[in-house]
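Some notes on the structure that comes next.
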Amino acid sequence: MSKKLLISLLTLGAVISLATYGVSSIRASETGTANPVISRLAEKFNLEENDVEAVFDAVHEERQEEMRKAREERLNEAVSNGVITEAQKTALLDKWEEMQNKREQERLEMQNWFEQEGIDPTKLAPYGGFGHHEGFGKMGMGMMH
């Protein structure tokens, strides 16, 4: 596999991961928990929603760290195999972090815009809007957000 192809695939994977995270992370802070699973679990087991959401958030953070470590391990292997240099690996990791920070900033800007316009993004989900498109967890069928 050529270096250009590998870098392109790694970059594409990072962009897709970050975009999925950014879109799914939009929260309706004024309307409370946007994930009905959190509300239902809290109600079913007589727990505080904030406590249940904290568990979901912790699992999400753990998953993000696992993904970061796995990505770095794959890049270390690419360096060992002579596919990329250590400098290129560092550049890729820096770029992924930069892109993640940019997506978070864009998410916050969008959230602020919704608030300014008086729009509840969670109510747009059934119409293909900016609301939550999650399944069981906060990002599809997983237990992340």
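Couple of notes before you dig in:
- Label point distance in nm, D94-E109, each placed 7 Å from Cα along Cα→Cβ: 2.3
- By the count of other C-beta atoms within 10 Å, a proxy for reagent exposure, I38, I119 are ordered fewest to most as I119, I38.
Here, each number is a calculation from the coordinates, and none is a lab measurement. For clarity, every value in this text was computed on a predicted model and none was experimentally measured. When we count neighbours, we look across all protein chains shown, and the Cβ atoms used for this are built from the backbone with ideal geometry, even at glycine.
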